[in-house]
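Student: Take a look at this one; I'll ask things after.
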Amino acid sequence: MRTAPRVSDFLLQFVLPGGLLLGYGVWSAQADNFYFPPLTEIGSTFADTWLFERVPVDLLPSVSRLVAGYSLAVVVGVVAGIALGLSRRARLTSEPVVEFLRALPAPALIPFALLLFGTGTNSKVFIIALGTVWPILLNTIDGVRGLESQQLDMARSYRIPSRSVLLHIILPAASPRIFAGMRTSLSIGIILMVISEMVASANGLGYFILQSQRGFEIPEMWTGIVVIGLLGFVLNWLFLRVEARVLFWHRGAKGLLGDSAAAPAVESSADGHGPDDAEGRGPEAATAPDVPSTARSSRPVS
């Protein structure tokens, strides 16, 4: 029943990209512009270059640097964010340093990274990690600070171990904000991956694009740009799939599970028979009782 709308929604995502490709193809075929080669030429060059001659030479090294730097940023950002979010004193003490380092553009530190780590992979990983850690760190701090203090007080009252409090209370409460920061950092990481490979590098997507531009190999340059766009699209798609699986409870609480989850409830209400009606009670009996304001009130973690 729901297959047709899902297929139409999936196909709808390709309407605008298909229109843009069609428009560029028609325009470039008659433009005779050296810097904007015909779409057919870009497609043939893409097949000759990336299927699959330069994949192990340029694409895989770039992806490995991105994964390494991004993973390092996630670990450091989440661990430090939880520590700073739970301790007001630590947060106030580190705030000047965090704000100072966050204001530094990561590309400006490429010369420092080259001096410190050399021209190898480590300098690229350092730049990616340095630029992507801040959205994760700040979102983790905000997520932990938004935790209701009653939950921590109850955990202390029942003498729940600190490890269980971290895994079952703090991390689930902060995980929506953490994933929001991680998604932002993912796009920043792709940008820094390309920039870091344009300086003192021997391979990678950034290196390939820069060398193609310097050699006036314009179709090859455009294929490298297309590969970066496809890489970002695939990584974002994978990230959204992981986020939807990990945060399914959060989407359900916010009413974001989709029409399929809401369909049974809509159908039952349309028939006038809800779960309470089966027991002989009217819809008004399902109304939740008033909760005292003191029971509903909460204060965030300071």
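The values are calculated or read from the model by the stated rules, or taken from the named source; none is laboratory data. Only a predicted model underlies this, so the values are computations on that prediction, with no experimental measurement involved. Reconstructed Cβ throughout: ideal geometry from the backbone, glycine too, with neighbour counts over all protein chains shown.
Student: Within the range 74-90, restricting attention to residues that are of a type outside the set (A, V, I, L, M) and closer than 20 Å to THR132 by Cα, which residue is nearest to the chain's Cα centre (by Cα)?
Tutor: Taking the candidates together, the pick is GLY77.
Student: Can you tell me which residues in the range 30-40 are loosely packed, with under 11 Cβ neighbours inside 10 Å and polar (S, T, N, Q)?
Tutor: GLN30
So that you can scan it fast, the table gives a plain yes or no per residue for (1) loosely packed, with under 14 Cβ neighbours inside 10 Å; (2) out of contact with any helix residue (DSSP H, G or I) (no Cβ under 6 Å at 6 or more places or on another chain); (3) at pLDDT 95 or above:
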residue	(1), (2), (3)
GLY25	no, no, no
SER28	no, no, no
GLU53	yes, yes, no
ASP58	no, no, yes
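Student: If the Cβ limit is 7 Å and pairs must be 6+ apart or interchain, which residue in the range 46-66 that is closer than 16 Å to TRP222 by Cα pairs with which residue that is of a type in the set (Val, Ile, Thr)?
Tutor: Going by the 7 Å Cβ cut-off, the qualifying pairs are PHE46/THR223; PHE46/VAL226; THR49/THR223; TRP50/THR223; TRP50/VAL227; LEU59/VAL227.
Student: Just to check your reading of the model, which residue among SER71, SER28 is more than 25 Å from the chain's Cα centre (by Cα) and of a type in the set (Ser, Thr, Tyr)?
Tutor: One residue alone meets the criteria, SER28.
Student: So the check is Cβ under 7 Å with 6+ separation or different chains; which pairs have a first residue in the range 131-142 that's farther than 19 Å from LEU86 by Cβ and at pLDDT below 95 and a second one that's small (Gly, Ala, Ser) and surrounded by fewer than 24 Cβ atoms within 10 Å (Cβ to Cβ)?
Tutor: Cβ pairs passing all conditions: none.
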